[in-house]
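Report on the following structure.
The values are calculated or read from the model by the stated rules, or taken from the named source; none is laboratory data. Source: prediction; values computed, not measured. Backbone-built Cβ (ideal geometry, glycine too); neighbour counts: all protein chains shown.
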Amino acid sequence: MQKLRIRHAAGSERMEMRVDFHTHIIPEDLPNFAETFKGERWPVLHRTCACGANILVGGKVFREVTDQVWDPAKRLQDMDREKVDIQVLSPIPVTFSYWAPAEEAEVMARIQNDFIAETVKQHPDRFIGLGTVPLQNTAVAIREMDRCVHELGLKGIEIGTNVNGNNLDDPAFLEFFEMCEKWDVPLFVHPWETLGRERMPRHNLMYTVGMPSETALAAASLILGGVIEKFPRLRICLAHGGGSFPYILPRLDQGWKVWPHLRLLEQPPSHYAKNFYFDSLVYDPANIQYMIDRFGYERILMGSDYPFLLREIPPGEVIDQMLTVTEEQKRAMLGENALRFLNMSQVKVR
């Protein structure tokens, strides 16, 4: 385990360490790959003012962002104000670019991974980095994961919930998961290219219904497809509290029970769910309590989805509101679990 020297956020006299496991970042000078490699699906960062930009896909606005998403100084100001000691930085999922030729997507991944590693290097007490890999080609993905972990010092890899419509139990990905287990690389699974998105153009349902459903599909595929059983030492954190997965798990067990001819597993799905971790972005202490009862407080990592609109402000609020857990359990969920998940330990500096 790496030792990490930590100084609490400015003005903080708290005893607990607050680690925001779920935050996103993008380089301000991201190249225009739509021009470099051609193609309409490349995300392009188009500045609209000194402190804002649009992420364009196919010339249309995919998401409006502020300088919080690229400026470490701005992030540090927000962290100090919201009493966050450490942010775990990960790419924005729209940049996964799984649809592109693997060598082109690798260029996109390397630029982001280098930027995240440099940001961590400049502020090693405040940031931890996760990388991204072009998962559409397992060999290329493993090559970039090797660089991320063994050269850049990133502490894990963020992946999407599917790759071009292929669920994560597709045999093409087995070698990637094998190397994740061998190198002890934690994975952060984040929804993207959600199922049914063609039915969700109104009400922003892709974010509120599609993403939780997509995450549940990814988790169920990893279990029912035998990935967790085959690689039991994999450590996987599911974004947004696992989406709808925790709440449909009994239904998955029932399906395993009544359709024995479909079974690939020795045990029901809930047996393998203990391998998962979950961020805390569920907005309601009752949901956190449900997750504690089913999976244990040790499996919950505080995460806010900074700096996007659906984020929790201040980070960790839903855990702070818990009345049924001990202070020790709160400290674990607010920071210690994340550091343990990432193979890190902290030295507190008062």
Self-check item: Flag for Tyr283 being at pLDDT 95 or above and in a loop (DSSP other than H, G, I, E, B)
Solution: yes
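Is it the case that Pro101 is surrounded by fewer than 18 Cβ atoms within 10 Å (Cβ to Cβ) and at pLDDT 95 or above? Lay out the reasoning, then the answer.
Working: surrounded by fewer than 18 Cβ atoms within 10 Å (Cβ to Cβ): yes; at pLDDT 95 or above: yes.
Judged against the criteria, Pro101 is a match.
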Quiz item: Do any residues in the stretch 252-274 that are free of Cβ contacts under 8 Å to residues at least 40 places away in the same chain have Cβ atoms under 6 Å from those of residues that are in a helix (DSSP H, G or I) and polar (S, T, N, Q), where the two are at least six apart or on different chains, and which pairs are they?
Solution: Asp253/Ser270
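Listed here are the residues, each with its yes/no results for (1) among the acidic types (Asp, Glu); (2) in contact (Cβ under 8 Å) with a residue 60 or more places away in the chain; (3) buried (at least 22 other Cβ atoms within 10 Å of the Cβ); (4) at positive phi.
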{"position": "Thr119", "(1), (2), (3), (4)": "no, yes, no, no"}
{"position": "Gly131", "(1), (2), (3), (4)": "no, no, yes, no"}
{"position": "Met145", "(1), (2), (3), (4)": "no, no, yes, no"}
{"position": "Ile157", "(1), (2), (3), (4)": "no, no, yes, no"}
{"position": "Asp169", "(1), (2), (3), (4)": "yes, no, no, no"}
{"position": "Asp184", "(1), (2), (3), (4)": "yes, yes, no, yes"}
{"position": "Leu195", "(1), (2), (3), (4)": "no, no, no, no"}
Quiz item: Is there any pair with a first residue in the stretch 290-319 that is part of a strand (DSSP E or B) and a second that is aromatic (Phe, Trp, Tyr) and surrounded by 18 or more Cβ atoms within 10 Å (Cβ to Cβ) whose Cβ atoms are under 9 Å apart and which are 6 or more apart or on different chains, and what are they?
Solution: Ile300/Tyr277; Ile300/Phe278; Leu301/Phe21; Leu301/Tyr277; Leu301/Phe278; Leu301/Phe341
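Would you please name the residue that is farthest from the chain's Cα centre (by Cα), looking only at residues in the stretch 26-81 that are aromatic (Phe, Trp, Tyr) and closer than 15 Å to Ile111 by Cβ?
Start the filter on the stretch 26-81 by keeping residues that are aromatic (Phe, Trp, Tyr), which leaves 33, 37, 42, 62, 70.
Filter once more, keeping what is closer than 15 Å to Ile111 by Cβ: 33, 37, 42, 70.
Details: Phe33: 24, Phe37: 27, Trp42: 21, Trp70: 17 Å.
This residue is Phe37.
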Exercise. Scan the stretch 45-63 and give yes if some residue there is farther than 21 Å from Leu342 by Cβ, polar (S, T, N, Q) and crowded, with 20+ Cβ neighbours inside 10 Å, otherwise no.
Key: no
Quiz item: Just checking, how many residues over the stretch 250-273 are surrounded by 13 or more Cβ atoms within 10 Å (Cβ to Cβ) and either acidic (Asp, Glu) or in contact with a helix residue (DSSP H, G or I) (Cβ under 7 Å, 6 or more places away or on another chain) (or both)?
Solution: 10
